[in-house]
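Novice: My structure is below; once you've seen it, I'll send some questions.
The values are calculated or read from the model by the stated rules, or taken from the named source; none is laboratory data. Here the structure is a predicted model, which is why all the values come from computation and not from measurement. No Cβ is skipped: glycine too gets one built from the backbone with ideal geometry, and neighbour counts run over all protein chains shown. Keep in mind that these areas ignore ligands, DNA and RNA; they rest on the heavy atoms of the full protein, side chains included. Shrake-Rupley method; radii C 1.70, N 1.55, O 1.52, S 1.80 Å.
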Amino acid sequence: MGESMTGLKRSHMCCNVNETLVGESVTVMGWVQRRRDLGQLIFIALRDRTGLVQVVVDQTADSDLFAKAESVRSEYVLAVKGKVALRTEGNINPNMKTGKIEIIADELRVLSESETPPFQVEDSVSAKDDLRLKYRYIDLRRPSILKNIIMRHNVVQSVRSFLNGENFLEIETPIMGKSTPEGARDYLVPSRVYPGTFYGLPQSPQLYKQLLMVSGMDRYYQIAKCFRDEDLRADRQPEFTQIDMELSFIDIDEIIDINERLIQKVWKDTLGVDIPVPFKRMTYAEGMERFGSDKPDLRFGMELKNISELVRGTEFVVFKSALDMGGSVRAINANGCSKFPRKQIDSLVEFVKTYQAKGLAWINYTESGEIKSPIAKFFTDEKIKEILDFMEAKPGDLVLICADKDKVVFDALGALRCELAKRLELTRSDDYNFLWITEFPMLEWDEEENRYVAVHHPFTAPMDEDLELLDTDPGKVRAKAYDIVLNGVELGGGSIRIHRNDIQKKMFSLIGLSEESAQERFGFLLDAFKYGVPPHGGLAFGLDRMVMLMAGATSIRDVMAFPKVKDASCPLTGAPDVVDEIQLHELAIMFEEKEENE
């Protein structure tokens, strides 16, 4: 049972009680972090979202109050009224914001009792993720998670403040719209009024924000909820939030400038960190050649180098077969790693196999200048020395080599350099290295579907100088697309959109979409484009990823109030769940049972 707070009004949050209030009466309310009983004195650490304050209950002053304080347990909710006093010199706690004062209680009410929580409300908790998420309302009380949620709030407020000052309008777009799946699967909502038809939840507000440009809104933004029915990873969720924007009469340089200044303000407002601008820029082709990735982490070296020409003509079958099928042989130099034991090198070989690489060749250039390598017997000493010189290897280095199709080599070595940086602890989470990747391919060949698919989406404009290639060599067309990358993570991306009808038709044709199909799926946008469409472009940041990186968290779940787990379920509510038969009947939905052998 809980007492009423009638007649009591909170005067201060816990951490707002300080030395300036000594001698004054205050009322605080919150949860019991811990209680210590020292005979005639009871000390209660009371917690709200601002932090902790110490409450003292003295038996000699009020025995009834003391008896009530004795009944208090962790996570009880209290209202406490009392006078603020300075702590004695020996009792000052430098680790608490309120460590110099305490509240001498003259009234205490137990507003709500609590069972013993399934884990302690502290950052050192060792509870498994599933348990923490099942009791997320308790997990959110922990200081580190609470700090992340507050940071998220501050980031959003900073974003709004900046974009409002740049003449953007914040406009909401529909959550229930037309299903136009591009890439990931849509989440669908059945219509009761039109049986057999469905709304699609938005994977992004892409089509609506382009319509807003046709409408003359000029600059739009939205803190937008998005939904994608795809397999989850540490930085993915079935529902997530974008900082979404679109601008008219704009070019790439202006979009980049606005968003660099946005990042600058958000980091300064939220973390007090000065981010220098402009950010580095790198083309997609350069990113792949140097780092094997379109989202490279530039906080460390170990760049890829192409040694194909050095080893061409070799009889070493792995290199020879890779080159014969048009692939490549590339390597990275792991500086100072010659001391790696064979077991650790073997673990690197196994690591690249998860990226479809068949294996990993290596040359160990020991500190004594000795060469150790399983491939040395296939090459002359001069050739090995030539490879080492090309890789700028010194005694004490380990050269790691991968041979396969270019995509496999890039994926494997790109991931391997990041894995090595992690093992060698070469990076810090508070070292913010921003980068723009530009000139993405517009199209890529899908071998399963035997057609081109859009790398970003079919409304991305080609670079002007590549327009002629649309007819002659579509695979070489570069897009007016750009991603912003932070420490090896794609923070956001966007493009200049197609606003010319002839180019849009050509794009649909290249991805195998007939005029009829395009009209069926995107007709409302194409029809709007008949009525005067301005040149426009935009960008969307992943808010969850942004806050994750700012907080130094390892998963976006740590910066979301109520996240899902890997199977897209919610341990807290049990969603998704079955619904009443009558609801299914109203929606004209019937399930067909599968045969057991099926």
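Novice: When you look at Ala376, is it under 35 Å from the mean Cα position of the chain (by Cα) and free of Cβ contacts under 8 Å to residues at least 60 places away in the same chain, yes or no?
Specialist: So Ala376 does not fit the description; no.
Novice: Continuing with the same structure: Could you tell me which of the residues Ser368, Ser338, Ser308, Ser328 is over 22 Å from Met288 (Cα atoms) and either open to solvent by less than 50 Å² (accessible area, probe 1.4 Å) or touching a helix residue (DSSP H, G or I) at 6+ places or on another chain (Cβ under 9 Å) (or both)?
Specialist: Ser338
Novice: A follow-up question, please. From the set of residues in the range 466-489 that are at pLDDT below 95 and of a type in the set (Asp, Glu), which is most open to solvent (accessible area, probe 1.4 Å)?
Specialist: Once the filter is applied, the top-ranked residue is Glu468.
Novice: Considering each of Val159, Val193 in turn, give the residue that is among the β-branched types (Val, Ile, Thr) and either surrounded by 17 or more Cβ atoms within 10 Å (Cβ to Cβ) or touching a residue at least 60 places away in the same chain (Cβ under 8 Å) (or both).
Specialist: Just a single option satisfies the conditions, and that option is Val159.
Novice: Restricted to the range 546-574, and to residues that are more than 19 Å from Asp123 (Cα to Cα) and of a type in the set (Lys, Arg), which residue is surrounded by the most Cβ atoms within 10 Å (Cβ to Cβ)?
Specialist: Lys564
Novice: Report the residue count in the range 162-188 for those that are part of a strand (DSSP E or B) and crowded, with 17+ Cβ neighbours inside 10 Å.
Specialist: 1
Novice: While we're here: Looking at the range 518-562 only, could you name the residues that are of a type in the set (Lys, Arg) and touching a helix residue (DSSP H, G or I) at 6+ places or on another chain (Cβ under 9 Å)? Please lay out each step first, then the result.
Specialist: To start, the set of residues in the range 518-562 that are of a type in the set (Lys, Arg) comprises 521, 530, 545, 557.
The answer is Lys530, Arg545, Arg557.
Novice: Can we say Leu543 is within 20 Å of the chain's Cα centre (by Cα), open to solvent by less than 70 Å² (accessible area, probe 1.4 Å) and under 22 Å from Gly200 (Cβ atoms)?
Specialist: Yes, satisfied.
Novice: Is it the case, given these coordinates, that Ala518 is modelled with pLDDT of 85 or more, of a type in the set (A, V, I, L, M, F, W, C) and within 28 Å of Thr438 (Cβ to Cβ)?
Specialist: It is true that Ala518 is modelled with pLDDT of 85 or more, of a type in the set (A, V, I, L, M, F, W, C) and within 28 Å of Thr438 (Cβ to Cβ).
Novice: A further question follows. Out of (1) in a helix (DSSP H, G or I); (2) open to solvent by 40 Å² or more (accessible area, probe 1.4 Å); (3) basic (Lys, Arg), the odd one out for Lys209 is which?
Specialist: Looking at each condition in turn, Lys209 falls short on (2).
Results for (1) open to solvent by 60 Å² or more (accessible area, probe 1.4 Å); (2) part of a helix (DSSP H, G or I), shown as yes or no for each residue.
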{"residue": "Met245", "(1), (2)": "no, no"}
{"residue": "Ile256", "(1), (2)": "no, yes"}
{"residue": "Ile263", "(1), (2)": "no, yes"}
{"residue": "Val266", "(1), (2)": "no, yes"}
{"residue": "Pro278", "(1), (2)": "yes, no"}
{"residue": "Gly287", "(1), (2)": "no, yes"}
{"residue": "Arg299", "(1), (2)": "no, no"}
{"residue": "Met302", "(1), (2)": "no, no"}
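Novice: So, one more: Inspect all residues belonging to the range 430-445 and state whether any of them is surrounded by fewer than 16 Cβ atoms within 10 Å (Cβ to Cβ) and touching a strand residue (DSSP E or B) at 6+ places or on another chain (Cβ under 8 Å).
Specialist: The answer is yes, given that some residue of the range 430-445 is surrounded by fewer than 16 Cβ atoms within 10 Å (Cβ to Cβ) and touching a strand residue (DSSP E or B) at 6+ places or on another chain (Cβ under 8 Å).
Novice: Next question, about the same structure. Here are some residues: Val408, Val352. Which one is in a helix (DSSP H, G or I), in contact (Cβ under 8 Å) with a residue 12 or more places away in the chain, open to solvent by 20 Å² or more (accessible area, probe 1.4 Å) and of a type in the set (Val, Ile, Thr)?
Specialist: On the way: Val352 fails: open to solvent by 20 Å² or more (accessible area, probe 1.4 Å).
Answer to the selection: Val408.
Novice: Which one is most open to solvent (accessible area, probe 1.4 Å), of the residues in the range 234-243 that are over 23 Å from Phe440 (Cβ atoms) and of a type outside the set (D, E, K, R)?
Specialist: Across the range 234-243, the extreme among qualifying residues is Ala234.
Novice: Pairs under 7 Å by beta carbon, first residue at positive phi in the range 504-522, partner among the charged types (D, E, K, R) and open to solvent by 40 Å² or more (accessible area, probe 1.4 Å), six or more apart or different chains?
Specialist: Once the first residue is at positive phi and sits in the range 504-522, its partners that are among the charged types (D, E, K, R) and open to solvent by 40 Å² or more (accessible area, probe 1.4 Å) give Gly512/Arg451.
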